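Chemist: Mind having a look at this structure? Questions to follow.
What follows draws every value from the coordinates through simple rules; no lab data is involved. Nothing here was measured: the structure is a model prediction, and the numbers come from that model. Neighbour counts run over all protein chains shown; Cβ positions are idealised from the backbone, glycine included.
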Amino acid sequence: MNPGARPAATLSVRERLVFEAGIKLGGIFHQYLGTPVSTRTVGGLARAIESAVRLQPYVVGVRVRIRPEAGGPLGRGRYAYRYLTAEMLHVAVDLADGPVKVSARLEHRPDLNYPLMSVDSVREPVTTARRSGRSAGRSAPRRPRSGGSTAGRRTPRGHGRSSRSRGSRRRSA
């Protein structure tokens, strides 16, 4: 660390992944706009962008869709291509670090006339500290444990024991 440099902020895994998603989408937007694209090369350009982004940390998926018809005027003859513009580009990225997963996207919003980046979802394991809005961020109060077994004692449904009967299986949809 440089003398006098500030230490980096401590981020949660969730915050770091959301930040990384924005960096990856912003990088795609600013790096590739202006690239010549035609109906012949659109697939190759989209796959090249996806391949480059997959090399980066935390990326588990990336989908690039380019719609050349949404762009500006088309040249003629040998120069029949457009330049990649914000209106053509739709990108979705999925990032993960352990059990935490973030999905984000970049797409042109005609109502804003702007290429907007959005977080679609943040998924992380549910912990006892995140049971409800009231208790979010606080740990659950500690209750004294008895040294005895719970066998023979009834536990109210949804409080400590599975509500499924032993041996039953969940059905997948």
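Chemist: If you average the sequence gap of Cα pairs under 8 Å that are 6 or more apart and divide by the length of the stretch 36-133, what percent do you get for the contact order? Walk me through the intermediate numbers first.
Modeler: Working: 161 pairs, mean separation 20.6, N = 98.
For the stretch 36-133, the relative contact order is 21 percent.
Chemist: Using a Förster distance of 35 angstrom, determine the FRET efficiency expected from the C-beta separation of Tyr83 and Thr127, and round it to 0.05. Mind dumping the intermediate values first?
Modeler: Details: r = 48 Å, r/R0 = 1.36.
Using R0 = 35 Å, I get an efficiency of 0.15.
Chemist: Between the alpha-carbon centers of the stretch 10-47 and the stretch 50-120, tell me the distance in whole angstrom.
Modeler: Centre-to-centre (Cα) distance: 6 Å.
Chemist: Starting from the 7 Å offset along Cα-to-Cβ, what nm value, one decimal, do you get for the label separation of Ala5 and Thr35?
Modeler: Between Ala5 and Thr35, the label points sit 3.1 nm apart.
Chemist: Could you run the Debye sum over the Cα atoms of the stretch 13-123, one equal point scatterer each and no solvent, and tell me log10 of I(q)/I(0) at q = 0.13 Å⁻¹, two decimals?
Modeler: Here log10 of I(q) over I(0) equals -0.49.
Chemist: Using a Förster radius of 22 Å, what is the FRET efficiency between Glu69 and Asp120 based on their Cβ-Cβ separation? Nearest 0.05, please. Don't skip to the answer; put the middle values down first.
Modeler: Values: r = 25 Å, r/R0 = 1.14.
Efficiency for this residue pair is about 0.30.
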